[in-house]
1. Could we say that GLY208 is open to solvent by 10 Å² or more (accessible area, probe 1.4 Å), more than 23 Å from the chain's Cα centre (by Cα), farther than 25 Å from LEU288 by Cβ and modelled with pLDDT under 95 here?
2. Show the residue pairs that are 6+ apart or on different chains and have beta-carbon atoms under 6 Å apart, the first residue being within segment 184-197 and touching a residue at least 60 places away in the same chain (Cβ under 8 Å) and outside any helix (DSSP H, G or I), the second being open to solvent by 20 Å² or more (accessible area, probe 1.4 Å) and among the hydroxyl-bearing types (Ser, Thr, Tyr).
3. In segment 1-27, what residues are within 15 Å of ALA147 (Cβ to Cβ) and either in contact with a helix residue (DSSP H, G or I) (Cβ under 8 Å, 6 or more places away or on another chain) or without any contact (Cβ under 8 Å) to a residue 24 or more places away in the chain (or both)?
4. Listed residues LYS246, LYS309; which is open to solvent by 10 Å² or more (accessible area, probe 1.4 Å), more than 24 Å from ILE397 (Cα to Cα), in contact (Cβ under 8 Å) with a residue 60 or more places away in the chain and not aliphatic (A, V, I, L, M)?
5. May I ask you to list pairs of residues, at least six apart or on different chains, whose Cβ atoms are under 6 Å apart, with the first in segment 338-359 being over 23 Å from ARG443 (Cα atoms) and the second being buried (at least 21 other Cβ atoms within 10 Å of the Cβ) and of a type in the set (A, V, I, L, M, F, W, C)?
6. Tell me whether segment 409-426 contains one or more residues that are outside any loop (DSSP other than H, G, I, E, B), open to solvent by 10 Å² or more (accessible area, probe 1.4 Å), over 21 Å from HIS336 (Cα atoms) and not charged (D, E, K, R).
7. Of all the residues that make up segment 76-126, how many are closer than 19 Å to GLN259 by Cα, part of a loop (DSSP other than H, G, I, E, B), touching a residue at least 40 places away in the same chain (Cβ under 8 Å) and open to solvent by 60 Å² or more (accessible area, probe 1.4 Å)?
8. Look through segment 127-160, keep the residues that are in contact with a Cys (Cβ under 9 Å, 6 or more places away or on another chain) and open to solvent by 30 Å² or more (accessible area, probe 1.4 Å), and return whichever of them is nearest to VAL11 (Cα to Cα).
Amino acid sequence: MKLTKTYDVAVIGGGPGGIAAAISAARNGASVILAERNGYLGGQLGSGLPFLAFLDRKQRQVIGGVAQEFVDRLSKLNGTHGHTYCPFHISTTVIHPFLARIICFEMAKETGIDLLMHCELSDVKVSGGKIKSVTLSGKGEHIEIEANIFIDATGDGDLGFAAGASFNKGQEKDNVLQPPTLMFNLGGVDFEAFCDFIAEHPEELPYGLKMNNLREGYNAEFFRNNPSFIFFGMQNLIKKLRKEGKCPVARDTVIFIRQPIPGEVAVNTIRILNFDGSSVADLSRGELEAHLQILPLIDMFRDFVPGFKNCYLTSINSSIGVRESRRILGHKILSHKDCLDGIVSEDSIALCSYFIDIHSGTSDDTTGITVEEPFGIPYLCLVSKDVDNLMMSGRCISVDPIAFGATRIMNVCMAVGQACGTAASMATSCALSPKEVDVEKLRIKIAEQGAILKV
(Lines give C-alpha, C1' and ligand atoms only; values in the text may rest on other atoms or scores of the structure.)
Protein backbone atom coordinates (compact mmCIF):
# COMPACT_ATOMS: atom_id res chain seq x y z
CA MET A 1 0.00 0.00 0.00
CA LYS A 2 1.33 3.46 -0.92
CA LEU A 3 0.36 6.56 1.06
CA THR A 4 0.23 9.82 -0.96
CA LYS A 5 0.87 13.26 0.54
CA THR A 6 0.88 16.67 -1.16
CA TYR A 7 3.00 19.74 -0.34
CA ASP A 8 4.09 23.01 -1.88
CA VAL A 9 7.77 22.12 -1.51
CA ALA A 10 9.49 18.76 -1.03
CA VAL A 11 13.11 18.80 0.10
CA ILE A 12 15.01 15.54 -0.30
CA GLY A 13 18.03 15.46 2.01
CA GLY A 14 18.38 17.03 5.45
CA GLY A 15 22.04 18.09 5.46
CA PRO A 16 23.19 21.73 5.66
CA GLY A 17 21.69 22.67 2.29
CA GLY A 18 18.47 20.75 2.89
CA ILE A 19 17.68 21.94 6.41
CA ALA A 20 18.30 25.57 5.43
CA ALA A 21 16.12 25.21 2.31
CA ALA A 22 13.27 23.57 4.21
CA ILE A 23 13.34 26.14 7.05
CA SER A 24 13.38 29.05 4.59
CA ALA A 25 10.58 27.67 2.43
CA ALA A 26 8.41 27.12 5.51
CA ARG A 27 9.17 30.54 6.98
CA ASN A 28 8.04 32.09 3.72
CA GLY A 29 4.66 30.40 3.83
CA ALA A 30 5.09 27.12 1.96
CA SER A 31 3.94 23.74 3.19
CA VAL A 32 7.12 21.69 3.35
CA ILE A 33 8.20 18.11 3.79
CA LEU A 34 11.84 17.28 4.49
CA ALA A 35 12.97 13.70 3.87
CA GLU A 36 16.22 12.36 5.33
CA ARG A 37 17.81 8.90 5.18
CA ASN A 38 19.53 9.23 8.57
CA GLY A 39 17.95 9.39 12.00
CA TYR A 40 19.13 12.96 12.55
CA LEU A 41 19.20 16.25 10.64
CA GLY A 42 22.20 18.34 9.67
CA GLY A 43 24.31 15.81 7.81
CA GLN A 44 27.97 16.76 8.24
CA LEU A 45 26.98 19.45 10.75
CA GLY A 46 26.88 16.53 13.17
CA SER A 47 30.25 15.07 12.22
CA GLY A 48 32.74 17.30 14.05
CA LEU A 49 33.59 19.33 10.96
CA PRO A 50 33.63 23.13 11.43
CA PHE A 51 32.20 25.96 9.42
CA LEU A 52 34.91 27.59 7.29
CA ALA A 53 35.20 31.12 5.92
CA PHE A 54 32.22 32.84 7.47
CA LEU A 55 34.74 35.68 7.09
CA ASP A 56 36.81 36.62 4.05
CA ARG A 57 40.55 37.30 3.87
CA LYS A 58 39.90 40.87 5.07
CA GLN A 59 37.89 39.50 8.03
CA ARG A 60 34.59 40.80 6.68
CA GLN A 61 31.60 38.53 7.30
CA VAL A 62 30.21 37.14 4.05
CA ILE A 63 27.58 34.64 5.25
CA GLY A 64 24.64 35.50 7.50
CA GLY A 65 20.96 34.53 7.58
CA VAL A 66 19.99 31.01 8.61
CA ALA A 67 23.63 29.92 8.91
CA GLN A 68 24.42 32.74 11.35
CA GLU A 69 21.22 32.04 13.28
CA PHE A 70 22.40 28.44 13.64
CA VAL A 71 25.74 29.64 15.07
CA ASP A 72 23.95 32.03 17.44
CA ARG A 73 21.85 29.16 18.78
CA LEU A 74 24.96 27.03 19.23
CA SER A 75 26.69 29.88 21.05
CA LYS A 76 23.88 30.10 23.61
CA LEU A 77 24.54 26.43 24.42
CA ASN A 78 28.34 26.89 24.55
CA GLY A 79 28.52 24.75 21.43
CA THR A 80 30.84 27.09 19.51
CA HIS A 81 33.41 29.81 20.09
CA GLY A 82 32.06 31.85 17.17
CA HIS A 83 34.02 32.96 14.12
CA THR A 84 37.79 32.97 14.63
CA TYR A 85 40.40 34.27 12.18
CA CYS A 86 42.66 31.60 10.70
CA PRO A 87 45.77 32.27 8.53
CA PHE A 88 45.00 29.09 6.60
CA HIS A 89 41.24 28.41 6.57
CA ILE A 90 40.29 32.14 6.46
CA SER A 91 38.07 31.71 9.51
CA THR A 92 36.94 28.75 11.57
CA THR A 93 33.72 28.23 13.52
CA VAL A 94 33.78 24.99 15.46
CA ILE A 95 30.50 23.15 16.00
CA HIS A 96 29.48 20.84 18.83
CA PRO A 97 28.32 17.91 16.65
CA PHE A 98 25.55 16.61 18.88
CA LEU A 99 24.13 19.98 19.88
CA ALA A 100 24.05 20.75 16.14
CA ARG A 101 21.69 17.83 15.54
CA ILE A 102 19.39 18.97 18.34
CA ILE A 103 19.27 22.54 17.00
CA CYS A 104 18.32 21.27 13.55
CA PHE A 105 15.35 19.43 15.03
CA GLU A 106 14.37 22.49 17.07
CA MET A 107 14.36 24.70 14.00
CA ALA A 108 12.41 22.14 11.97
CA LYS A 109 9.74 21.88 14.66
CA GLU A 110 9.48 25.65 15.13
CA THR A 111 8.89 26.22 11.43
CA GLY A 112 6.25 23.52 11.06
CA ILE A 113 8.17 21.30 8.63
CA ASP A 114 6.86 17.77 8.21
CA LEU A 115 9.72 15.30 8.65
CA LEU A 116 10.18 11.92 7.09
CA MET A 117 13.25 10.25 8.62
CA HIS A 118 14.91 6.92 7.83
CA CYS A 119 13.65 7.06 4.24
CA GLU A 120 15.49 6.69 0.95
CA LEU A 121 14.41 8.03 -2.42
CA SER A 122 13.19 4.98 -4.35
CA ASP A 123 11.24 6.31 -7.35
CA VAL A 124 10.62 9.52 -9.30
CA LYS A 125 7.73 10.13 -11.69
CA VAL A 126 8.42 12.68 -14.42
CA SER A 127 5.93 13.91 -17.00
CA GLY A 128 6.13 16.80 -19.44
CA GLY A 129 9.56 17.83 -18.16
CA LYS A 130 8.36 18.14 -14.55
CA ILE A 131 8.57 15.91 -11.50
CA LYS A 132 5.07 14.78 -10.61
CA SER A 133 5.95 12.83 -7.50
CA VAL A 134 8.71 11.02 -5.65
CA THR A 135 8.46 7.82 -3.65
CA LEU A 136 10.32 7.49 -0.37
CA SER A 137 10.79 4.07 1.15
CA GLY A 138 11.69 2.85 4.60
CA LYS A 139 10.80 0.02 6.98
CA GLY A 140 8.78 -1.64 4.23
CA GLU A 141 6.63 1.46 3.69
CA HIS A 142 6.37 3.44 0.46
CA ILE A 143 5.22 7.06 0.66
CA GLU A 144 4.49 9.02 -2.50
CA ILE A 145 5.07 12.76 -2.22
CA GLU A 146 3.49 15.20 -4.68
CA ALA A 147 4.73 18.80 -4.70
CA ASN A 148 4.91 21.91 -6.84
CA ILE A 149 8.66 22.31 -6.33
CA PHE A 150 11.21 19.61 -5.53
CA ILE A 151 14.61 20.46 -4.05
CA ASP A 152 17.53 18.06 -4.46
CA ALA A 153 19.57 18.41 -1.27
CA THR A 154 20.89 14.85 -1.33
CA GLY A 155 24.48 16.04 -1.78
CA ASP A 156 25.00 13.44 -4.49
CA GLY A 157 22.31 14.71 -6.86
CA ASP A 158 20.26 11.54 -6.40
CA LEU A 159 16.92 13.21 -7.10
CA GLY A 160 18.14 15.01 -10.21
CA PHE A 161 19.78 11.85 -11.50
CA ALA A 162 16.62 9.80 -10.94
CA ALA A 163 14.55 12.50 -12.69
CA GLY A 164 16.78 12.41 -15.76
CA ALA A 165 18.50 15.78 -15.23
CA SER A 166 21.89 16.36 -16.82
CA PHE A 167 24.85 16.29 -14.46
CA ASN A 168 28.64 16.32 -14.29
CA LYS A 169 30.98 14.74 -11.81
CA GLY A 170 34.72 14.72 -11.27
CA GLN A 171 37.48 16.83 -12.75
CA GLU A 172 37.14 17.73 -16.42
CA LYS A 173 40.38 16.11 -17.56
CA ASP A 174 39.92 12.65 -15.99
CA ASN A 175 36.51 12.57 -14.19
CA VAL A 176 38.33 11.71 -10.94
CA LEU A 177 36.37 12.74 -7.84
CA GLN A 178 37.70 14.12 -4.58
CA PRO A 179 38.01 11.34 -1.98
CA PRO A 180 35.70 10.89 1.00
CA THR A 181 36.57 10.72 4.67
CA LEU A 182 34.98 9.19 7.75
CA MET A 183 35.06 11.57 10.68
CA PHE A 184 35.82 10.23 14.14
CA ASN A 185 36.49 11.97 17.45
CA LEU A 186 39.23 11.43 20.02
CA GLY A 187 39.19 12.48 23.66
CA GLY A 188 42.07 12.74 26.11
CA VAL A 189 44.20 15.02 23.92
CA ASP A 190 46.86 17.17 25.66
CA PHE A 191 46.85 20.32 23.53
CA GLU A 192 49.79 21.93 25.34
CA ALA A 193 52.01 18.93 24.64
CA PHE A 194 50.95 18.94 21.00
CA CYS A 195 51.64 22.67 20.63
CA ASP A 196 55.07 22.17 22.22
CA PHE A 197 55.77 19.48 19.61
CA ILE A 198 54.82 21.78 16.73
CA ALA A 199 56.90 24.62 18.22
CA GLU A 200 59.91 22.28 18.24
CA HIS A 201 59.15 20.90 14.76
CA PRO A 202 57.90 23.76 12.54
CA GLU A 203 58.75 21.60 9.51
CA GLU A 204 55.51 19.77 10.27
CA LEU A 205 53.51 22.84 9.22
CA PRO A 206 52.21 22.89 5.62
CA TYR A 207 54.31 25.76 4.27
CA GLY A 208 56.05 23.51 1.74
CA LEU A 209 52.84 22.12 0.24
CA LYS A 210 50.79 23.35 -2.75
CA MET A 211 48.83 25.80 -0.60
CA ASN A 212 49.17 29.37 -1.88
CA ASN A 213 46.30 30.41 0.39
CA LEU A 214 48.46 29.82 3.51
CA ARG A 215 49.62 32.98 5.32
CA GLU A 216 52.23 33.60 8.00
CA GLY A 217 51.05 33.09 11.54
CA TYR A 218 49.81 29.54 11.15
CA ASN A 219 52.05 28.10 13.86
CA ALA A 220 52.23 26.61 17.34
CA GLU A 221 51.37 29.86 19.09
CA PHE A 222 48.30 30.30 16.92
CA PHE A 223 47.13 26.82 17.94
CA ARG A 224 47.99 27.43 21.58
CA ASN A 225 45.93 30.62 21.76
CA ASN A 226 43.00 29.58 19.58
CA PRO A 227 40.27 27.30 21.00
CA SER A 228 38.83 26.87 17.47
CA PHE A 229 41.88 25.78 15.50
CA ILE A 230 42.12 23.29 12.68
CA PHE A 231 45.51 21.60 12.40
CA PHE A 232 46.64 20.68 8.89
CA GLY A 233 50.15 19.30 8.47
CA MET A 234 52.57 16.69 9.83
CA GLN A 235 53.62 15.88 6.27
CA ASN A 236 57.21 14.99 7.17
CA LEU A 237 56.20 12.63 9.94
CA ILE A 238 53.53 11.04 7.69
CA LYS A 239 56.03 10.59 4.87
CA LYS A 240 58.45 8.85 7.23
CA LEU A 241 55.78 6.63 8.75
CA ARG A 242 54.42 5.63 5.35
CA LYS A 243 57.89 4.51 4.27
CA GLU A 244 58.08 2.43 7.44
CA GLY A 245 54.60 0.96 6.89
CA LYS A 246 53.25 2.61 10.05
CA CYS A 247 50.69 4.96 8.47
CA PRO A 248 47.42 3.33 7.35
CA VAL A 249 46.18 6.11 5.03
CA ALA A 250 47.17 7.20 1.52
CA ARG A 251 47.49 10.92 2.13
CA ASP A 252 50.18 13.52 2.73
CA THR A 253 48.84 15.23 5.85
CA VAL A 254 46.83 14.91 9.04
CA ILE A 255 43.81 17.14 9.74
CA PHE A 256 42.15 17.46 13.10
CA ILE A 257 39.69 20.00 14.46
CA ARG A 258 39.69 21.10 18.07
CA GLN A 259 36.16 20.62 19.40
CA PRO A 260 34.15 22.81 21.80
CA ILE A 261 34.43 19.79 24.11
CA PRO A 262 37.37 19.66 26.60
CA GLY A 263 40.29 17.56 25.38
CA GLU A 264 38.57 16.46 22.19
CA VAL A 265 39.40 16.62 18.48
CA ALA A 266 37.57 15.52 15.36
CA VAL A 267 39.89 13.71 12.96
CA ASN A 268 39.57 14.33 9.22
CA THR A 269 42.35 12.05 7.98
CA ILE A 270 40.82 8.85 6.64
CA ARG A 271 41.09 8.65 2.86
CA ILE A 272 39.59 6.25 0.31
CA LEU A 273 40.99 6.64 -3.21
CA ASN A 274 39.27 5.96 -6.56
CA PHE A 275 35.87 6.42 -4.96
CA ASP A 276 32.50 7.55 -6.32
CA GLY A 277 29.95 8.54 -3.67
CA SER A 278 27.09 7.98 -6.12
CA SER A 279 27.96 4.27 -6.33
CA VAL A 280 26.47 1.88 -3.75
CA ALA A 281 29.38 -0.50 -4.38
CA ASP A 282 31.94 2.22 -3.64
CA LEU A 283 29.98 3.40 -0.59
CA SER A 284 30.00 -0.16 0.74
CA ARG A 285 33.72 -0.58 0.10
CA GLY A 286 34.41 2.86 1.52
CA GLU A 287 32.54 2.26 4.78
CA LEU A 288 34.45 -0.97 5.33
CA GLU A 289 37.89 0.43 4.48
CA ALA A 290 37.29 3.66 6.40
CA HIS A 291 36.24 1.93 9.61
CA LEU A 292 39.26 -0.37 9.41
CA GLN A 293 41.60 2.63 9.19
CA ILE A 294 40.44 4.08 12.53
CA LEU A 295 42.24 1.87 15.06
CA PRO A 296 45.57 1.89 13.17
CA LEU A 297 45.34 5.69 12.97
CA ILE A 298 44.69 5.95 16.70
CA ASP A 299 47.70 3.70 17.36
CA MET A 300 49.81 5.92 15.09
CA PHE A 301 48.73 9.05 16.95
CA ARG A 302 49.41 7.48 20.35
CA ASP A 303 52.84 6.19 19.36
CA PHE A 304 54.21 9.11 17.35
CA VAL A 305 52.32 12.36 18.03
CA PRO A 306 52.99 14.12 21.36
CA GLY A 307 49.77 15.08 23.10
CA PHE A 308 47.95 12.00 21.81
CA LYS A 309 49.58 9.38 24.05
CA ASN A 310 46.43 8.92 26.12
CA CYS A 311 43.81 9.64 23.45
CA TYR A 312 40.77 7.42 23.10
CA LEU A 313 37.90 7.01 20.65
CA THR A 314 34.73 8.89 21.64
CA SER A 315 32.58 8.69 18.49
CA ILE A 316 32.46 7.73 14.82
CA ASN A 317 30.24 9.58 12.37
CA SER A 318 27.19 7.62 11.25
CA SER A 319 28.27 7.45 7.61
CA ILE A 320 31.19 8.23 5.37
CA GLY A 321 31.55 11.89 4.35
CA VAL A 322 31.44 12.25 0.57
CA ARG A 323 33.37 15.27 -0.69
CA GLU A 324 32.29 15.13 -4.31
CA SER A 325 29.85 13.31 -6.56
CA ARG A 326 27.22 14.57 -9.05
CA ARG A 327 26.63 18.24 -9.80
CA ILE A 328 23.24 18.81 -11.46
CA LEU A 329 23.48 21.15 -14.43
CA GLY A 330 21.54 24.37 -14.07
CA HIS A 331 20.62 27.21 -16.39
CA LYS A 332 23.97 28.66 -15.30
CA ILE A 333 27.26 27.01 -14.32
CA LEU A 334 29.51 28.92 -11.93
CA SER A 335 33.01 29.15 -13.42
CA HIS A 336 36.14 28.98 -11.26
CA LYS A 337 37.42 31.96 -13.26
CA ASP A 338 34.60 34.05 -11.77
CA CYS A 339 35.57 32.72 -8.33
CA LEU A 340 39.19 33.76 -8.76
CA ASP A 341 38.16 37.15 -10.17
CA GLY A 342 35.78 37.80 -7.27
CA ILE A 343 32.76 38.29 -9.54
CA VAL A 344 29.53 39.09 -7.71
CA SER A 345 26.88 39.27 -10.43
CA GLU A 346 23.54 41.05 -9.99
CA ASP A 347 21.78 37.71 -9.74
CA SER A 348 23.99 36.37 -6.91
CA ILE A 349 22.06 34.83 -4.03
CA ALA A 350 25.01 33.95 -1.75
CA LEU A 351 28.67 34.80 -1.29
CA CYS A 352 31.66 32.50 -0.84
CA SER A 353 35.16 33.45 0.27
CA TYR A 354 36.71 30.04 0.89
CA PHE A 355 39.77 29.02 -1.07
CA ILE A 356 39.58 26.40 -3.82
CA ASP A 357 40.41 23.23 -1.91
CA ILE A 358 40.95 20.11 -4.03
CA HIS A 359 41.91 16.73 -2.59
CA SER A 360 43.24 14.32 -5.19
CA GLY A 361 41.14 11.21 -5.64
CA THR A 362 44.04 9.11 -6.93
CA SER A 363 47.03 10.24 -4.84
CA ASP A 364 47.93 11.85 -1.52
CA ASP A 365 48.00 15.42 -2.88
CA THR A 366 45.94 18.35 -1.62
CA THR A 367 45.88 21.68 -3.47
CA GLY A 368 44.73 25.07 -2.22
CA ILE A 369 44.21 28.10 -4.50
CA THR A 370 43.63 31.54 -3.00
CA VAL A 371 40.34 33.36 -3.51
CA GLU A 372 41.28 36.99 -2.83
CA GLU A 373 37.78 38.49 -2.83
CA PRO A 374 34.35 36.95 -2.15
CA PHE A 375 32.50 35.75 -5.23
CA GLY A 376 28.77 35.35 -5.83
CA ILE A 377 26.75 32.25 -6.65
CA PRO A 378 24.15 33.05 -9.36
CA TYR A 379 20.54 32.06 -8.72
CA LEU A 380 20.20 29.96 -11.88
CA CYS A 381 22.96 27.63 -10.59
CA LEU A 382 20.19 26.39 -8.28
CA VAL A 383 17.66 25.63 -11.06
CA SER A 384 17.85 22.50 -13.23
CA LYS A 385 18.06 23.24 -16.93
CA ASP A 386 16.23 20.01 -17.80
CA VAL A 387 13.53 19.48 -15.16
CA ASP A 388 11.21 22.45 -14.86
CA ASN A 389 10.32 22.21 -11.16
CA LEU A 390 13.63 20.87 -9.84
CA MET A 391 15.96 23.02 -7.73
CA MET A 392 19.28 22.15 -6.10
CA SER A 393 20.74 23.05 -2.73
CA GLY A 394 24.03 22.15 -1.09
CA ARG A 395 26.87 20.32 -2.81
CA CYS A 396 25.03 19.37 -6.00
CA ILE A 397 24.46 22.89 -7.39
CA SER A 398 25.65 23.79 -10.87
CA VAL A 399 29.33 24.75 -10.63
CA ASP A 400 32.43 23.65 -12.48
CA PRO A 401 34.69 21.08 -10.78
CA ILE A 402 37.28 23.63 -9.67
CA ALA A 403 34.75 26.11 -8.29
CA PHE A 404 33.27 23.14 -6.43
CA GLY A 405 36.45 23.07 -4.32
CA ALA A 406 35.19 26.27 -2.67
CA THR A 407 31.39 26.02 -2.80
CA ARG A 408 31.13 22.59 -1.13
CA ILE A 409 31.65 23.88 2.43
CA MET A 410 28.74 23.66 4.87
CA ASN A 411 27.94 27.32 5.56
CA VAL A 412 27.92 28.09 1.83
CA CYS A 413 25.51 25.15 1.43
CA MET A 414 23.30 26.76 4.09
CA ALA A 415 23.44 30.19 2.42
CA VAL A 416 22.48 28.58 -0.89
CA GLY A 417 19.75 26.63 0.91
CA GLN A 418 18.21 29.81 2.32
CA ALA A 419 17.94 31.29 -1.17
CA CYS A 420 16.72 28.02 -2.66
CA GLY A 421 13.94 27.52 -0.12
CA THR A 422 12.84 31.14 -0.31
CA ALA A 423 12.72 31.01 -4.12
CA ALA A 424 10.76 27.75 -4.00
CA SER A 425 8.13 29.36 -1.75
CA MET A 426 7.92 32.36 -4.09
CA ALA A 427 7.49 30.09 -7.11
CA THR A 428 4.77 27.97 -5.60
CA SER A 429 2.82 30.93 -4.20
CA CYS A 430 2.73 32.61 -7.62
CA ALA A 431 2.34 29.43 -9.71
CA LEU A 432 5.72 30.03 -11.37
CA SER A 433 8.48 27.71 -12.36
CA PRO A 434 11.73 28.33 -10.43
CA LYS A 435 13.43 29.89 -13.46
CA GLU A 436 10.65 32.52 -13.61
CA VAL A 437 11.23 33.79 -10.06
CA ASP A 438 12.11 37.50 -9.91
CA VAL A 439 15.70 37.34 -8.67
CA GLU A 440 15.77 40.96 -7.51
CA LYS A 441 12.72 40.34 -5.32
CA LEU A 442 14.35 37.16 -4.05
CA ARG A 443 17.53 39.05 -3.17
CA ILE A 444 15.54 41.70 -1.30
CA LYS A 445 13.64 39.03 0.62
CA ILE A 446 16.69 37.01 1.72
CA ALA A 447 18.61 40.20 2.58
CA GLU A 448 15.73 41.17 4.88
CA GLN A 449 16.21 37.76 6.49
CA GLY A 450 19.88 38.40 7.20
CA ALA A 451 21.57 37.04 4.08
CA ILE A 452 24.75 38.88 3.05
CA LEU A 453 24.95 39.70 -0.67
CA LYS A 454 27.72 42.30 -0.71
CA VAL A 455 30.66 43.31 1.49
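The values are calculated or read from the model by the stated rules, or taken from the named source; none is laboratory data. This is a predicted model, so every value here is computed, not measured. Ideal geometry is used to build each Cβ from the backbone, glycine not excepted, and the neighbour counts take in all protein chains shown. Just the protein is used for accessible areas: all its heavy atoms, side chains included, with ligands, DNA and RNA removed. Shrake-Rupley method; radii C 1.70, N 1.55, O 1.52, S 1.80 Å.
1. yes
2. Hits for this filter: ASN185/THR314; ASN185/SER315; GLY187/TYR312; GLY187/THR314; GLY188/TYR312.
3. Passing the criteria: ASP8, VAL9, VAL11, ILE12, GLY13, GLY18, ALA21, ALA22, ALA25, ALA26.
4. Within the list LYS246, LYS309, the selection yields LYS309.
5. Note: pairs meeting the criteria are PHE355/VAL371; ILE356/ALA406.
6. The answer is yes, given that some residue of segment 409-426 is outside any loop (DSSP other than H, G, I, E, B), open to solvent by 10 Å² or more (accessible area, probe 1.4 Å), over 21 Å from HIS336 (Cα atoms) and not charged (D, E, K, R).
7. So the answer is 2.
8. THR154
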